[in-house]
Structure formats: C-alpha cells, structure tokens
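One structure is given here, and the rest of the page talks about it.
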Amino acid sequence: MKPARKQRLLLISLMVAGAGLATAFALKSFNDNLMYFFPPKDVVEGKAPKDALFRLGGMVVNGSVERPGNGMTVRFKLTDYEKEVMVEYTGILPDLFREGQGIVAHGRLNPQGVFVAEEVLAKHDENYMPPEVKASLKQPETPTTGQAQ
Amino acid sequence: MFLVPDAVVRFFHRMASPPHFYAFTERLMPWLTVIFTLLIVAGLYGGLYLAPADYQQGDSYRIIYIHVPAAWMSLFIYVVMAITGGIGLIWRMKLAEVILISSAPIGASFTFLALVTGSLWGKPMWGAWWVWDARLTSELILLFLYLGVIGLYGAIDDKRSASRAVAILALVGVVNIPIIHYSVEWWNTLHQGPTVTKMDKPSIHVSMLTPLLLMALAFKVYYVIAMMLRAQVELLQRERNSQWAKAKALEEGGL
C-alpha cells in the first residue's frame, strides 16, 4: 500500500474509533434515561421516581387479574420474578394483554404503593409459532396411545 | 493484498473502470431480475398463504415478512455505504463513490418501510403507534442519517468533493449500526429481542422462518438491482464527457 493511502486508512480508522468511543461514553452517561421502563424490583426498592410519571415493565402474574366493580378498572400484579407491584388501570387494554404477558405501564405510584397506570402497552416476546406447536409445548408429555374418545 | 488470488484482484481492477462496470451490470440485470421474481413470489406465497397463523397474534404477525427484511436491509445498506465510503476515501476509487450515493435513497426507503410497518403493527399489538424506546429511536436516527447523506451530496456541486463529504458522514454514522442491533439487549425496550439473528436457535417456527429468509434474500437482490440501475445513471452523468458514455447515449437513442 502506498504511504499516502496508508495514512488515509489510519486517519479514517482513528476517526471511526474516536466517534465510537465518544458515542460509547455518551450512551453510558445517559444509560438510565435510555431505559424505557423500570422493573418491579427497582420500584419496590425505591429506585423509581416517587412523585413523577414513569414506566413500569414486567409480566402479568397468573391469576392476579381482577376487575373490582363493574367498570373498566382492572387490577393486576406485575412481576420480574423477584418482586411484585400492584397495578390499577382504567381503560381499554391492548390485544396482547393477558396473564403471563409482558406489559409496560405508564403512570405513577400512589401513597399506598399501588401503581396507577394511565396507559398500558403490551410487550410482545420474540417467539413466533403456530397454535398447534404452542399447544404441544404446554403438555410436553401428551400420552400418544390409549386415548380413544 | 498478497493473500488475494490474482484473478480476484484483476476482477476488481476491471470493475473499477466505469465502462466495464456498466457493461457488467447490463449483462447481470436479466439474471438478477429472474432471481428476484422467483424469490419474491416464493417468499410472499410462503409467508402470506402457506405459513400458519401465530398462536398469539393470529394473522397480524405476517407483517414480519416485510418489516424484518426491510429493517435488516436498512442496516446492511448503511454498512455497504460506510465500506464503500472508506474505499472511496482511501483509494479515491470513483466506482465506490458511485455505489455509496446510489445506495443512499434505497437504504432510506427500506428504513422508512421498516418504521411504517412497525408502526402499523405496533398500534394493535402494543397499543401505541410510536414509543421512544431505544430501538425505535435509533432506527429513526438511521433514517435521518440516510437523509443527511442524500442532502449533503445534493448540496455540494463538485461531485468528487461531495462524495468525500458523504463518505465521512457515512463512516461516522456507522457507530449507530451496532447501537440499533444491540439496543434491545442493552436497554429495556418495548421492542422485542432478536428472533433470528442470535447465537441461539431462532425462536420462530421453521414453517414461518423459511418464507422470512426467502423474503430477506429477495430484498437483497432487489437492492442490488436498484443500486445498479441508479449507479448506471450516476456513472453516465459523471462521465458524460467521456467517449464510452457518449457512445452509450447514442446507442440508447439519447442526446
């Protein structure tokens, strides 16, 4: 390689490395703000903002969804498999809302420690499969013989 | 340079000459068109008809066959632009500059397509058209980078110096590419994690994965076709005073 080209290659590598380093530092310092939501663990431990709106993300605990009264209010628990937070929401839930589903709720904590949500978004996971495959995953040991009905 | 076989080196040297590249793309075009047609028909038929519905999302998930290949292409084309930008800066190779600028509008279109299809899917599934999470925001920045490249190139009259400017922009912007890819792992995002491009086995059923990969290949071939067509025009414009370009124009019935 000619010296002039070598020098340009070096300059360009330095430029890209410098830009990468600067971005890495910037992202590191903004790390907390780039988190789209807090897990329930942070909320229970008091790391989440007290009197401000924030987002809470977690799995809806199986069997925890209840509707007090006849209105559109729903109460359910969110978990990150470590801690649980009670969430209350009045409004229309997205299609994917169901027990065991990942959810991101936007709202604030009330003095009783209940998270009052203004908006509930469903977080889809990365799994795609036909319904039959899902059904067979639920019962891994389906007996294959002697089930004449 | 010494590890590369002689024939490959010769091929690249010939390709670096605009008339050779032009003739090469013209010869390749019918083949690419046939391959693209086969892939897109097979991919769409497999994705929209053969593939089963999803256990949770029903038929809505089928937007994946446009959204995911478009998003992959948006990253891929930007990497191509950064590499050709580097080659153009270091070796002052005209063809690399032409490929860079011919790729930009195609990449911008794919990015736009990924953002729009994602938004259309997000409303019924998540409950929101748009959220400012790390994945969506970094992809939007990618769109602005593409538009910046196109705008910067158009703003400078001398196309050689314009190419040098956009090459630097493309190279600096390439830091955004790993951020987009890893955003779903580094931060809590509403956007789901990777389904196919992870070390583990893909978490999508094979009957759904096959059409997705076919669509991804079809989009790749489409990019090559569109890029070559744009590169042909760009080359003719840049070389309009040269003998071969004049001959080409006469042959096409132009002038």
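Let's see how each residue does on (1) over 28 Å from A:S13 (Cβ atoms); (2) among the small types (G, A, S); (3) in contact (Cβ under 8 Å) with a residue 24 or more places away in the chain:
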{"position": "B:S119", "(1), (2), (3)": "yes, yes, no"}
{"position": "B:A165", "(1), (2), (3)": "no, yes, no"}
{"position": "B:L169", "(1), (2), (3)": "no, no, yes"}
{"position": "B:G173", "(1), (2), (3)": "no, yes, yes"}
{"position": "B:I177", "(1), (2), (3)": "no, no, yes"}
{"position": "B:T189", "(1), (2), (3)": "yes, no, yes"}
{"position": "B:G193", "(1), (2), (3)": "yes, yes, no"}
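Among the residues of the stretch B:41-61, are any closer than 29 Å to B:S102 by Cβ, of a type outside the set (K, R), surrounded by fewer than 16 Cβ atoms within 10 Å (Cβ to Cβ) and within 27 Å of the chain's Cα centre (by Cα)?
Among the residues of the stretch B:41-61, at least one is closer than 29 Å to B:S102 by Cβ, of a type outside the set (K, R), surrounded by fewer than 16 Cβ atoms within 10 Å (Cβ to Cβ) and within 27 Å of the chain's Cα centre (by Cα), which makes the answer yes.
When both residues are 6+ apart or on different chains and their Cβ atoms are under 8 Å apart, which pairs have a first residue that lies in the stretch A:108-127 and is within 14 Å of A:L53 (Cα to Cα) and aromatic (F, W, Y), and a second that is modelled with pLDDT under 85 and not in a strand (DSSP E or B)? Going by the 8 Å Cβ cut-off, the qualifying pairs are A:F115/A:V43. Could you please find all residues in the stretch A:31-57 being surrounded by fewer than 17 Cβ atoms within 10 Å (Cβ to Cβ) and either part of a helix (DSSP H, G or I) or at the interface with chain B (Cβ under 10 Å from one of its Cβ atoms) (or both)? Hits for the stretch A:31-57 are A:N31, A:D32, A:N33, A:V44. Of the residues making up the stretch B:131-174, those that are among the charged types (D, E, K, R), surrounded by fewer than 16 Cβ atoms within 10 Å (Cβ to Cβ) and not in a helix (DSSP H, G or I) are B:D157, B:D158. Could you list all residues from the stretch B:163-210 that are more than 10 Å from chain A (Cβ to nearest Cβ) and within 30 Å of B:A231 (Cα to Cα)? Across the stretch B:163-210, the qualifying residues are B:S163, B:R164, B:A165, B:V166, B:L169, B:A170, B:I177, B:I180, B:H181. One residue alone among B:V98, B:V116 is in a helix (DSSP H, G or I), of a type outside the set (S, T, Y) and buried (at least 20 other Cβ atoms within 10 Å of the Cβ), and that residue is B:V98. The C-beta contact set for the stretch A:52-78 (first residue within 10 Å of A:G100 (Cα to Cα), second residue of a type in the set (A, V, I, L, M) and surrounded by 14 or more Cβ atoms within 10 Å (Cβ to Cβ), distance under 6 angstrom, 6+ apart or interchain) comprises A:G58/A:L78; A:V60/A:I103; A:L78/A:V85; A:L78/A:V87.
The values are calculated or read from the model by the stated rules, or taken from the named source; none is laboratory data. Since the structure is predicted, the reported quantities are computational estimates derived from the model, not experimental observations. Counting neighbours? That spans all protein chains shown, and the Cβs are built from the backbone with ideal geometry, glycine included.
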